[in-house]
Structures are given as C-alpha cells and as structure tokens.
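The values are calculated or read from the model by the stated rules, or taken from the named source; none is laboratory data. All figures in this text were calculated on a predicted structure; none of them were measured in a lab. Every residue, glycine among them, receives a Cβ derived from its backbone with ideal geometry; neighbour counts consider all protein chains shown. Accessible surface is based on the protein model in full, side chains and every heavy atom, while ligands, DNA and RNA are left aside. Shrake-Rupley method; radii C 1.70, N 1.55, O 1.52, S 1.80 Å.
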Amino acid sequence: MPTARQWWHDAVIYQVYLRSFADADGDGIGDITGLQARLPYLVDLGVDAVWITPWYRSPMADGGYDIADFRDIDPLFGTLDDADTLLAAAHAAGLRIIIDLPANHTSHTHPWFRDALNSAPGSPERARYFFRDGRGDTGELPPNDWISAFGGPAWTRTTGDDDQPGQWYLHLFAPEQPDLDWTNPQVRADFADILRFWFDRGVDGMRIDAVSAMAKVPGLPDAGHAPGARFESSTWVDNPHWDVDDLHTILREFRTIADTYGPDRMFVAEAIVRSPERLARYVRPDELHTAFNFDFPRAGWNPATLREAIDRSRDALHEVGAPATWVLSSHDETRHLTRFGRADTSTLPMTLTAGTDSDLALGTRRARAAALLMLALPGGAYLYQGEELGLEEVTDLPEDLLQDPTWERSGHTIRGRDGCRVPLPWSGDHPPFGFTTDNAQPWLPQPDNWKSKTVAAESDDPDSMLTLYRTALQLRRTLPALRSDSFDWQPSAPDVLAFDRGQSFRCVVNLSRQPIAVDPDVTVLLASTHLWDSQTIPPDTALWLRTNQ
Ligand code: GLC
C-alpha cells in the first residue's frame, strides 16, 4: 500500500561520522560546532539531509555507539545547546537532520548497568539486561554459544562483591555494550521517552542501530555457531539472537511515536539480514520507514549481482510500499573506492574482508561510475563522508593507534574499521588539512597524499570526484524523472546495466572490459570519465543520457 510521498522517499542523505568530520575546538576530534561551520559545504554539495553518528555521552569504547546518557551530548562533541543550534542552522539552510539511536545496548557505564552490577542475581536492576548463570560445574562456561560482532563470545563474566566470579552478561557487540532486554517494560518506556526527547528538539529522523539484535528467542537457546564462527548475520537463518520476529512489536511502538509528530519524521533501519524479503519486514507500513540496503554494497562491482540486488530489493520493498535506499560505503565498511580496486570488490559488515592491495586508479574509475549508478536509481541514497572526495581506505594506520574494538577482540587479526574513519581533509597541503587547528593532531593520522583530495583542491577542478558528485546531485534535483518511481531495464549486453527513468532519462553503466557503443540518438548529460568520442562508452564508465530526441 503506497504512502504519500515524503522527503525521505528520494532524499540524498550524507553520513557525518562526527569524530572525523570537522573539529572546531582543536582537540583533534570532530564536533558539533565544526559540523555547523561546514553546513554550507553540504548545501553546496547538494544533499537533502545529514545523518549524524551518535553524539551522546559515552566513554567511546565503540566510537560513541556505547551510550551512558541518551539525553545528553558528550563533551567531546559539544553541548545540548550546540545540538539545538545545529538543528536550527541546518533547518534554516534547508537540510534535515537524522540522528543515530543505538537502542540494543547501553554503555557499561550507564547508570542502569552500574546498578545491575551492584544488585543481586534475579533483581529488577539486572532484569533490564541479560544476566545469566554460566554453564559448567562452577558456572565457568558462558550461558550459551552466542558470539560478538567484534569477535569472541557474546558473554562476559561479572565479579561479585566478594571478588568471586558471578553471573555472565550478554553483549552482542563489545563487553562495554551490554544488551538491553527489550521485554522489560522499563526499557521500553525509557526509550519511548528518549524518542520524544529528540523529536521534540526537532530532529527529522533517526537511524535505529543494530535493529536486528533487539529481540532474542526466549530461553536464549544455543545458535549452533561453529567454534571460531564469525558474525556473518547476512547468512543466518532462524538465529536466536538476530532478526527474531518479536522485534517487530518494538518497531511498531517506535512508529506510533513518530507518527504523533506527523508524516515527515522518519526512521531508517540498520538491519543486516539474509535477504531483501527479510529486510522488507522492517519497513512494513506500521514499522520503520526505510532501511539501509546492504545487498547493494555486498554485490560488489559485478553486473549480475548488482542487477539482482537492485531487482530483489525493489520487488521486496514494493510489496510493502517502502522506498528503496542505496549505499556504497559507511563507517563500518571498507571504503568502496578501495574495494573496487581489489580482486574481491564486495563487502562484509565490520570490514570482515581481509585487507589486500588495491589498484586505486581502477577503484577510482569504478567509484565514479558507481556514484552515477547509485544516484540514478529510484529511492534514497546515502553518501558516506569523504566518498565525494574520492578518499580511499587508509590501510596502513599504525597498530598502536587502532581504536576499533574489533582489533583487540580479534586477537589483532582484523584491523577493523578505523581505516574508513580517518578525519576529512578540507584544505592546505599538509595534515591536518584544515580538519582541526593547525597545531593539533587529528585522532587518526591523515595520509600526506590527501593534499590533492582536500575540498579546497577539488572544488575548482572540473575532473575531481567532488565536481562529479556536485554535478550529479544538481542534475538529480533538476530532472523530475530522477525523483520519480519509474524504472525500466533496457536491453543490454550482460556486463552492462542500462535503465530508463521516465520518458527521457537513461543511465548506462559499462562494467565490461570492452568499450561499448552508445545509441546515436541520445545526448550525454554526464559521464563518469572522459569519453574517447561521443559514440563509445569505455570500460568501468557510467553515462547519464537524455533519450527523447
Ligand atoms: C552498528 C554501527 C556500528 C556499531 C554497532 C554497535 O552496526 O553501525 O558502528 O559498532 O552498531 O552499536
């Protein structure tokens, strides 16, 4: 059942990884005031909305996805007043703001978890989380075989007042992120209040983090994970700690609250599940509004899997009347420019794919084509900060600077996600490239060669990635076909993706190794690379075309 068209049906949403976007106070960590100062850049880029990664009070064990107080801003990022000022400034500039809500877990420093640790087994304080006795003669084994997304078991044993080992608690992410038990009425009531707290302040939407973790099968049965199994939730079927049907009642409660603020407040689900059909369940008419489409980046630079991801996503979402979304990169995945220069171009969440060398020139060429593909598809699109500059994954960060919990939890075998989180280069010819004050150190070091990838360097270069994104976003705004739902595949060779939007717009992406001929009756609106001539599309190139001559 289609709903009335809202801004989020076709919005381009820019992900700000706050720690790494822009630092105003000179501590080397991005902040709200830094973001506010750069709003004109985002307006000029041509995006509709900004998604800001968690800004709440947090000890930063997982970069702010471990929250100690959901109703306050961490001093590293600013104050509640700064957040209010940012919201007003963004709205005045015509930008919507989406905040990030990790509701599956709190920080281990959250008052509820501290109370739980100080309370007896079976107490109401412990009932907001999952505390269980261990297995084995003395409870020395975890209560079940569940695993953490960051490696190792999903259980950590507590120590009692008597310094003796006690119960275990569940954390599907880091031990500093204990899972909440969403069957507990206090948990539900508090989060209803948190949603209202932020909607009342004027946020336009919320990204609901790790949604698929929010319900567990009662009794917490074993999942049947093999020893050493990895957290590959996109392959799991009937898993007792992921994508459990009970979570949909929570999403309906969330939706009821959002609806009281009117139809233009939205939720986007982060749900990495096994199929587009499973994902569509999260965006049924009385649940969340949209969801990230992880099948698209997982498809890699491969015409068959891309086509399948596009078709299956559109079909599954159409069934429930929800718009599609497309994404290539985020703060959790290897940057797509680097992936596209590797033999294996697909991605797994949490950068589980091992780092290998990448042909960055090839990756850049494909990233340019992929941007035009993504921005020509019907639905919303998510850009990850820095992709518009053509930033690559930084694969050689010194090991002693790595902060992603994956690094420690994997026994130093998986470097984790820091390589896609390196602070943005804004200007100048040496680090910190305008990210922070000149004498300050960014929290992760930037490569020297980013001097050619700063916003300033790329702004006036007609061939830069930034110019390509700006031009594409501007065209997307002015071509009504690109804001419509129409989409029709056109006949093409198997290694080519060609589709029309409306009567006069066509996108053709050549993923083959050969040049292909262009229909003579079209006009090129935008090309991802220089064309040899107007009749040929080189390999790894996308064109936007006007077709009605
Ligand atoms: C989501 C976030 C990721 C975070 C995890 C735990 O997957 O995108 O960055 O580590 O949830 O909150």
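Highest mean first, what order results for 86-92, 156-162 on Cβ atoms within 10 Å? Could the numbers behind the result be given before it?
Numbers: 86-92: 16.6, 156-162: 12.4.
Ranked from most to least packed, the peptides come out as 86-92, 156-162.
Have a look at 197, 520, 405 and report the one farthest towards the positive end of the charge dipole of the chain, computed about the Cα centre with Cβ charges (Lys/Arg +1, Asp/Glu -1).
520
For segment 487-547, just say rounded, prolate or oblate: build the C-alpha gyration tensor, square-root its eigenvalues into a ≥ b ≥ c, call rounded for a/c under 1.5, and beyond that prolate if a/b exceeds b/c, oblate if not.
Details: a/c = 1.80, a/b = 1.22, b/c = 1.48.
Oblate shape, in that a/c is at least 1.5 and b/c is the bigger or equal ratio.
Once you compute Rg and the Kirkwood Rh from C-alpha atoms, what is the Rg to Rh ratio for the chain? Don't skip to the answer; put the middle values down first.
On the way: Rg = 23.3 Å, Rh = 24.2 Å.
Answer for the chain: 0.96.
Taking Cα pairs under 8 Å and at least six residues apart, what relative contact order does the chain come out at, in percent?
On the way: 1178 pairs, mean separation 71.7, N = 549.
Computed value for the chain: 13 percent relative contact order.
Find, to one decimal place in angstroms, the Kirkwood hydrodynamic radius of segment 177-296, where the mean of 1/r is taken over every pair of different Cα atoms and then inverted.
Working: mean 1/r = 0.0656 Å⁻¹.
Answer for segment 177-296: a Kirkwood hydrodynamic radius of 15.2 Å.
Under the 0.36 nm per residue contour assumption, what length would be gained going from the current alpha-carbon distance of residue 196 and residue 298 to full extension?
Details: separation 102, 0.36 × 102 = 36.72 nm, distance 3.45 nm.
Extending this stretch completely gives an extra 33.3 nm.
Could you work out how far the C-alpha centroid of segment 436-496 sits from that of segment 114-156, in angstrom?
Computed from Cα coordinates, the inter-centre distance equals 46 Å.
What longest range of the chain stays clear of loop-exposed chymotrypsin sites (Phe, Trp or Tyr not before Pro) (DSSP non-H/G/I/E/B, at most 16 other C-beta within 10 angstrom)? Mind showing how you got there, number by number?
Details: sites that count: 261, 532.
The answer is 262-531.
What distance in nm separates the two pseudo spin-label positions at residue 533 and residue 401, each 7 Å out from Cα along the beta-carbon direction?
Result for the modelled spin labels: 4.9 nm.
Given +1 on the Cβ of Lys and Arg, -1 on the Cβ of Asp and Glu, and no further charges, what dipole in debye does the chain carry about its Cα centre, rounded to the nearest 20? Show your work: numbers first, answer last.
Values: 49 positive and 81 negative charges, 305 e Å.
For the chain, the charge dipole is close to 1460 debye.
Counting only protein heavy atoms, what percent of the accessible surface of the chain is carbon or sulfur at a 1.4 Å probe? Please report the intermediate quantities before stating the final value.
On the way: 10290 of 20520 Å².
Here it works out to 50 percent.
With r defined as the distance between the Cβ atoms of residue 123 and residue 305 and R0 fixed at 45 Å, what FRET efficiency is calculated, to the nearest 0.05?
Details: r = 50 Å, r/R0 = 1.11.
Approximately 0.35, to the nearest 0.05.
For residue 360 and residue 79, compute 0.36 nm times the residue count separating them, minus their Cα-Cα distance, and round to one decimal in nm.
Details: separation 281, 0.36 × 281 = 101.16 nm, distance 3.96 nm.
Gain in length upon complete extension: 97.2 nm.
What length, rounded to one decimal in nm, is gained on full extension from residue 71 through to residue 109, with 0.36 nm per residue of separation minus their alpha-carbon distance? Walk me through the numbers on the way to the answer.
Values: separation 38, 0.36 × 38 = 13.68 nm, distance 1.45 nm.
Contour length minus Cα-Cα distance gives 12.2 nm.
Around residue 383, which amide H atoms from residues at least 5 apart in sequence, or from another chain, sit under 5 Å from its own amide H, with H modelled in the peptide plane?
Correct list: 13, 14, 15.
Where the only charges are on Cβ atoms (+1 Lys, Arg; -1 Asp, Glu), what is the dipole of segment 487-547 about its Cα centre, to the nearest 20 debye? Provide the component values of the computation, followed by the final result.
Values: 4 positive and 7 negative charges, 23 e Å.
Value, rounded to 20: 120 debye.
Test of the criteria: in segment 453-549, which trypsin sites (Lys or Arg not before Pro) are in a DSSP loop and have at most 11 other Cβ atoms within 10 angstrom of their Cβ? Show your work: numbers first, answer last.
Working: sites: 453, 470, 476, 477, 483, 501, 506, 513, 546; in loops: 513.
Within segment 453-549, the qualifying trypsin sites (Lys or Arg not before Pro) (loop, at most 11 other Cβ atoms within 10 Å) are 513.
Within segment 111-170, what percent of beta bridges assigned by DSSP are antiparallel, to the nearest 5? Walk me through the numbers on the way to the answer.
Values: 8 of 8 bridges.
Here the share of antiparallel DSSP bridges comes out near 100 percent.
Within segment 106-184, list the GluC sites (Glu not before Pro) lying in a DSSP loop whose Cβ has at most 11 other Cβ atoms in a 10 Å radius.
Numbers: sites: 125, 140, 176; in loops: 125, 140, 176.
In loop regions of segment 106-184 (DSSP not H, G, I, E or B), the sparsely surrounded GluC sites (Glu not before Pro) are 140.
Between residue 186 and residue 484, what is the FRET efficiency for a Förster distance of 30 Å, r being their Cβ-Cβ separation, to the nearest 0.05?
Values: r = 45 Å, r/R0 = 1.51.
E(calc), rounded to 0.05, equals 0.10.
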